[in-house]
Amino acid sequence: MIDFSSLPLSPALAPGLDALGYTTLTPVQAQSLPLILDGRDVIAQAPTGSGKTAAFGLGLLQRLDPALPYTQALVLCPTRELADQVGQQIRRLATGIANLKLTVLTGGVALEPQIASLEAHAPQVVVGTPGRVQELGRKRVLKLGKVRSFVLDEADRMLDMGFSEPITEIAGRCAQDKQTLLFSATFPEAIRELARQLLRDPAEVTVEGAGTAPAIDERFFAVDPAARQKAVAGLLLKFAPASAVVFCNTRKDVDEVANSLQQFGFSALALHGELEQRDRDEVLLRLANRSCNVLVASDVAARGLDVEDLDAVLNHALPGDAETYRHRIGRTGRAGRHGLALSLVAPREQERLQRLETESGVPASLSNAPLATGRPAQPPLAPMVTLRIDGGKTDKLRAGDILGALTGEAGLSGAAIGKIAIFPTRSYVAIARQHADNALKRLEAGRIKGRRFRVRPL
């Protein structure tokens, strides 16, 4: 057992360690932190909950000079939720560092306030998602040329989500002599290739419990091209995943498949590049809160998509390359859960299937795709309905206020209320489908925090 007190850490980090109750190092910290403090690039294989945030957080804070008014450390995370968590933990570790500015930069929120904050005072530490950091870098408002600590957290998830190109671009914007730290739950070849591109003579760290590849059941189904839509519905009805993403190769297919699935009774939504940001955010929110059970998307539109407990991925058609296929199916089977990948294969796509077989070394057997013949008697609707409330953070609304209004005046049980999301001017609450009409009527007739707000179902 190694104590933090034995490491050559700055005295300014002691208050943060005390506040978090950290005394002894976890295995990933014991193996990686001495290397990080020594200035080495590190590639570390570590599962969620292993203490890796403290390892790279202490490392980047150790190298930081809070007196210098520019960005010195950048942490990239796959999702907004993880970026928020990482930002909070680094802030707590930095309790003893005066005048430190840390900014979290993610998509799903308005761009203008982020630009204004960066222009007013550059943060010494940035934690963000690749898409938003790339966008702000291109606008020249996020200046990364003096970044000395560059961290990729859960790098395998970021690659699965299609962030390889943004990561490479962002790394190129940082200082050439930066220290790069890559943390990943698994070390597939794509991660090793990324490490070869970005890291210099890295030390490799592996801790017990890491490296388990997701368990994904891959199945392939022969289909006549004219029957693809019926086959998509047929597979979803046969396997009945609680949540699924259907990938299409073209925007036209996205719209047509989403419309087709709606006709078959699914709570299906389309995600494509022409959606406004707010509409995109609402689609992803409805998938995450279980009021949409099938998302139909193109690869470009789905970049950054990461939904917990995604039961299945379905390929409307095989993509043109194996890497895209792996990115697609990598969205299911997360966190030790079993995943399901279903792919339709038309005669013209046999060559693509052969390439996948060659890459994996596992022969793929083809079954005939089941075809849906009509709308089922019990439509496969999502279990929840989302209500949008035209009030949010600027109105001082909190999740507890909405919950109180629903369980108080509206008389709903807590079990009927799902996820609540609060944005600057809007809020969203998921309601069990059988209670949605009652909740809508009660909220329209009642008050939240003593005020009336417009409410409508999505």
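Convex hull volume of the C-alpha atoms in the range 215-368, normalised per residue: 103 Å³. Close amide H contacts of ALA175 (hydrogens built in the peptide plane, cut-off under 5 Å, sequence separation of 5 or more or a different chain): LYS146, VAL147. Each of LYS441 and ALA227 was given a label point 7 Å from its Cα along the Cα-to-Cβ line. The distance between the two points is 4.5 nm.
Here the sum of -39500 (n - 2.57) over DSSP H runs of 4 or more residues, divided by the residues of the chain, equals -10500 deg cm²/dmol at 222 nm, to the nearest 500. Applying the Karplus relation 6.51 cos²θ - 1.76 cosθ + 1.60 with θ = phi - 60° to the range 75-81 yields 3J(HN,Hα) values of 10, 9, 10, x, 9, 4, 4 Hz, where x marks Gly and Pro. The modelled label-to-label distance for the pair LEU20/ASP84, using points 7 Å beyond Cα in the direction of Cβ, is 1.9 nm.
May I ask for the net charge around ASN259, where only other residues with Cβ less than 14 Å from the Cβ of ASN259 are counted and Lys, Arg are +1 while Asp, Glu are -1?
Working: positive: ARG228, LYS230, ARG251, LYS252, ARG375; negative: ASP253, ASP255, GLU256.
Residues close to ASN259 contribute a combined charge of +2.
Amide H contacts for LEU142 (H built 1.01 Å from N in the peptide plane; partners 5 or more residues away or on another chain; cut-off under 5 Å): GLY137. Along its three principal directions, the equivalent ellipsoid of the range 69-208 from the Cα gyration tensor extends over semi-axes of 23, 16, 15 Å, largest first. Ranked from largest, the principal axis spans of the Cα set of the chain equal 68, 64, 43 Å. What FRET efficiency comes out for ASN259 versus ARG92 if R0 is 45 angstrom and r is the Cβ-Cβ distance? Round to the nearest 0.05. After rounding to 0.05, the efficiency reads 0.40.
Expressed as a rounded percentage, what relative contact order does the chain have, with Cα pairs under 8 Å and six or more residues apart?
Details: 891 pairs, mean separation 64.0, N = 458.
With pairs under 8 Å counted, the relative contact order is 14 percent.
Compared with the dominant principal axis of the Cα atoms in the chain, helix 350-360 is inclined by about 40°.
Compare the peptides 86-94, 390-398, 147-155, 415-423 by average per-residue count of other Cβ atoms within 10 angstrom and give them in order, highest first. Each step should come with its number before you reach the end.
On the way: 86-94: 19.9, 390-398: 15.9, 147-155: 24.9, 415-423: 17.4.
Top to bottom by mean Cβ count within 10 Å: 147-155, 86-94, 415-423, 390-398.
In units of the rule-of-thumb radius 2.2 N^0.38 Å, the range 38-83 shows an alpha carbon radius of gyration of 1.31.
Near ALA222, the amide H atoms lying under 5 Å from its own belong to VAL345, SER367, ASN368, ALA369; only residues 5 or more places off or on other chains count, and H is placed 1.01 Å from N. With the gyration tensor restricted to C-alpha atoms of the range 384-457, the semi-axes of the equivalent ellipsoid amount to 17, 12, 11 Å, longest first. Relative intensity of the range 1-83 on a log10 scale, I(q)/I(0) at q = 0.12, 0.24 Å⁻¹, equals -0.37, -1.40, per a Debye sum over C-alpha point scatterers of equal strength in the absence of solvent. Checking the Cα-Cα distances for LYS178/LYS393; LYS146/LYS393; LYS101/LYS178; LYS238/LYS441; LYS143/LYS419 against a 29 Å cut-off, the pairs over it are LYS178/LYS393; LYS146/LYS393; LYS238/LYS441; LYS143/LYS419.
Where a number appears in this text, it was derived from the coordinates with a stated rule and is not lab data. Remember, it's a predicted structure, so these values are computed and weren't measured experimentally. All Cβ positions, glycine included, derive from the backbone under ideal geometry; neighbour counts span all protein chains shown.
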